[in-house]
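First up is the structure itself, then whatever we jot down about it.
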Amino acid sequence: MKSAFSFPFAALTLFAGAAFSQDQAVAEATSSSVLYRLIFALGIVVFLIAAFTVGRNRAKTMRSKVSEMHSLPSFHGAVTLQYAALGIVLAIVLHLILGRPLGLGGAVAASLVLGGAGALFGLSTIKADFRARTFTERTIMVALILCSLVAVLTTVGIVASLVVETGHFFELYPASEFFFSTVWNPRFGGGSSLGILPLVWGTLYVSAIALVVAVPIGLMSAIYLAEYASKSVRAWVKPAIEILAGIPTIVYGLFALITVGPLLRDYFAQPLGFGDSSSSVMTAGLVMGIMVIPFVSSLSDDIINAVPQSLRDGSLGLGATPSETVRSVVIPAALPGIVGAILLAASRAIGETMIVVMGAGAAAKLSLNPFEAMTTVTVKIVSQLTGDTEFASPETLVAFALGLTLFTITLGLNVVALVIVRKYREQYE
Amino acid sequence: MKDMNMESRVLIQSNKIEARKVQVYYGTNHAIKDVDVDILDKTVTAFIGPSGCGKSTFLRCLNRMNDTIPSCRVEGLITIEGEDINDPRVDPVQLRAKVGMVFQKPNPFPKSIYDNVAYGPKIHGLTRNKAELDDVVESCLRKAALWNEVKDRLQAPGTGLSGGQQQRLCIARAIATSPEVLLMDEPCSALDPIATAQVEELIDDLRSQFSVVIVTHSMQQAARVSQRTAFFHLGNVVEYGETTQIFTNPKDPRTESYITGRIG
């Protein structure tokens, strides 16, 4: 027992010794110091596995002597591992809080001491009536809560930083100008007009065209796949459509710039008298629409498949044709999910940057002409932040205000969709 | 005198559906073998038999619902009033309007009670205006013994009703297309005894207008609601005749074993 437990200590001490001697001398992250840190991490894993094994073996031995034990040996091993992990986490947190007084060697030493103490304490809990299984269950729940907290806190953090920086922007630039001015003309020297309206208009215009393309095509292919296609057709067509989602947006951008843009200009815009710009809202919208088709079709397909077969049977049994069944029974039942799918596609379209830069250009304009070059909020965020200006002028801080506005628009869209879904939801089951 | 009546009743009742040498295959599995059954008009016919014996499958042949299962293949002759339902000129969609179906689990559409019943008349254009549709909905709900319970909330969702009410709503929905035959696939298996009694009473009322075919696992139910009974076993019809005769004096030893609970 003792020898089994001393092995991980020995291993860790070995790594630590090697690391300590080097670390003091190396100030910056050279390749060897990175290597030592990786070895340290590996050492922790080995240590934890060892703690688990020792705990389990000890419980096994106890089990052969005691008649009844509450938990299986592996749960006692898991408890030992949990305490050891807790010790190591404490050690590393302490090391960071105290400002890394002893370098990597200090971290290793502290991990050894606290991790070892934790493991020993974990071993001391191994008793016949200790509910290691329940204990592990609770730890798992805590871990799950922590993970969901990470997502929530990240969102909160992002929004907070956006709000703060936007506040700074409005100290330097009047909010009324920002929201209601129809001119976007930033000049890095002062005296720029930073009206968001042309950008919001461009964003909505491009996204609307994208959705007009993607929603009917996506929804109808989803209906075909879910209701009509045979298994073998579905097995081929569904992945083929999903490939569209895997193409990098820059490739779509190329496609817009080189093929779609000139095509639309030569065959639609010029003959119909809409101007002769090869980058246009229409180009970006069409290409973006194709990009988001899989978002609509793939999700809708899953949702339509989830509608119970009994509803279809009921409708077909009344003498409805398959398309009548789809229209009056399946789609209403699947509506909440379909709206969700469309919304996801809309968020993708609103946040898309690359296709707009290459397809619609970078000129901020307020125009109804779909063959005119326009630009969107995201493109302007990129262009305001590229270059080396410091974050003090309204011309750079405006990016945060743009980001916050964009975020508010998508949030509003979500809320509206939720309300619509709740109102028109037709419950099944 | 009594015998005379019995005799004349049988004579008046014509065959609504005739099935001859019906075979059903699921892929390579031969599920129904050589089934010959005549369904009488204005009669309740019960199909009984152990699980997997093919009674539901045969029922689904009668309105060609098996067409919706890709691996399913039906052979043999099934006629409704002398017309072959598997003839390529027959539109299965029209056939299903004529041969209504009620399923095992209540499956109201996620729509209002009114729209559930109005669904069939709407898609088949059976009514000319809203007032006529209202009348159809009301009369069907009355026939299904549901009107008094739902008349004040016709716009409430059909899925909000209790299980027994949902099943009666499905029956109302099925009779709204004015079918000639009503197929019921274990209509009471998801219901409690009270709702079952209501549905059984309803089936007895419906007999005056439709020919009803019911699949059931409950032999008491078959005895209570049906006039004729067919016993299915391993894809064959073992015995078919008057319900009283099947239950009191079965000819085939397998039928006797099943109704006394020895096989099944």
Restricting attention to the stretch A:54-82, which residues are under 41 Å from the mean Cα position of the chain (by Cα), open to solvent by less than 50 Å² (accessible area, probe 1.4 Å) and of a type in the set (A, V, I, L, M)?
-> A:Val54, A:Ala78, A:Val79
When the stretch A:312-357 is checked residue by residue, the ones that are at the interface with chain B (Cβ under 8 Å from one of its Cβ atoms), under 35 Å from the mean Cα position of the chain (by Cα) and of a type in the set (A, V, I, L, M, F, W, C) are A:Val329, A:Ala333
Within the stretch A:217-273, helices (runs of 4 or more DSSP H) holding 2 or more residues that are open to solvent by less than 30 Å² (accessible area, probe 1.4 Å) and assigned by TED's automatic domain parsing to the domain that holds A:Gly337 | A:249-255, A:261-264
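Condition check ((1) among the hydrophobic types (A, V, I, L, M, F, W, C); (2) part of a helix (DSSP H, G or I)) across all residues:
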| position | (1), (2) |
| --- | --- |
| B:Pro179 | no, no |
| B:Cys188 | yes, no |
| B:Leu191 | yes, no |
| B:Glu200 | no, yes |
| B:Phe231 | yes, no |
| B:Glu239 | no, no |
| B:Arg254 | no, yes |
| B:Ser257 | no, yes |
Does any residue of the stretch A:186-199 turn out to be assigned to a helix (DSSP H, G or I), modelled with pLDDT under 90 and in the same structural domain as A:Asp301 (by TED's automatic domain parsing)?
-> no
With the condition kept exactly as written, say whether any residue in the stretch A:343-362 is in contact (Cβ under 8 Å) with a residue 24 or more places away in the chain and hydroxyl-bearing (Ser, Thr, Tyr).
-> yes
Some residue of the stretch A:280-296 being open to solvent by 20 Å² or more (accessible area, probe 1.4 Å) and not hydrophobic (A, V, I, L, M, F, W, C) | no
Might you let me know whether the stretch B:226-240 holds any residue that is surrounded by fewer than 21 Cβ atoms within 10 Å (Cβ to Cβ) and aromatic (Phe, Trp, Tyr)?
-> yes
The listed residue being buried (at least 23 other Cβ atoms within 10 Å of the Cβ) and closer than 17 Å to A:Ala51 by Cα, out of A:Ala85, A:Ala119 | A:Ala119
Out of (1) out of contact with any Asp or Glu (no Cβ under 7 Å at 6 or more places or on another chain); (2) under 27 Å from B:Asn15 (Cα atoms); (3) more than 10 Å from chain A (Cβ to nearest Cβ), the odd one out for B:Arg96 is which?
-> (3)
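Could we say that A:Ala320 is crowded, with 20+ Cβ neighbours inside 10 Å and part of a loop (DSSP other than H, G, I, E, B) here?
yes
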Looking at this structure, is B:Gly76 modelled with pLDDT under 90, within 27 Å of A:Ala320 (Cβ to Cβ) and more than 13 Å from chain A (Cβ to nearest Cβ)?
-> no
What's the number of the condition B:Asp67 fails, among (1) closer than 23 Å to B:Lys42 by Cα; (2) facing chain A (nearest Cβ under 10 Å); (3) over 16 Å from the mean Cα position of the chain (by Cα)?
-> (1)
Scanning the stretch B:46-93 for residues that are touching an Asp or Glu at 6+ places or on another chain (Cβ under 9 Å) and hydroxyl-bearing (Ser, Thr, Tyr) gives B:Ser56, B:Thr68, B:Thr79
Would you check if A:Ile304 is modelled with pLDDT of 90 or more, out of contact with any Cys (no Cβ under 7 Å at 6 or more places or on another chain) and either open to solvent by 40 Å² or more (accessible area, probe 1.4 Å) or outside the structural domain of A:Ala373 (by TED's automatic domain parsing) (or both)?
-> no
Does A:Ala51 qualify as being open to solvent by less than 60 Å² (accessible area, probe 1.4 Å), within 20 Å of A:Ala132 (Cα to Cα), modelled with pLDDT of 85 or more and out of contact with any Gly (no Cβ under 6 Å at 6 or more places or on another chain)?
-> yes
For A:Thr375, are the conditions met, namely being more than 14 Å from chain B (Cβ to nearest Cβ) and either at pLDDT 90 or above or part of a loop (DSSP other than H, G, I, E, B) (or both)?
-> yes
Residue ranges of helices (runs of 4 or more DSSP H) in the stretch A:61-180 with at least 3 members touching a Lys or Arg at 6+ places or on another chain (Cβ under 8 Å), modelled with pLDDT of 90 or more and closer than 30 Å to A:Leu197 by Cβ | none
From the set of residues in the stretch B:101-129 that are more than 7 Å from every other protein chain (Cβ to nearest Cβ) and under 19 Å from B:Arg64 (Cα atoms), which is surrounded by the most Cβ atoms within 10 Å (Cβ to Cβ)?
-> B:Val102
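The values are calculated or read from the model by the stated rules, or taken from the named source; none is laboratory data. On a predicted model such as this, the values are computed, not experimentally measured, just so you know. For neighbour counting, all protein chains shown are included, and Cβ atoms are generated from backbone atoms with ideal geometry for every residue, glycine included. Surface areas here come from the heavy atoms of the whole protein model, side chains and all, with no ligands, DNA or RNA. Shrake-Rupley method; radii C 1.70, N 1.55, O 1.52, S 1.80 Å.
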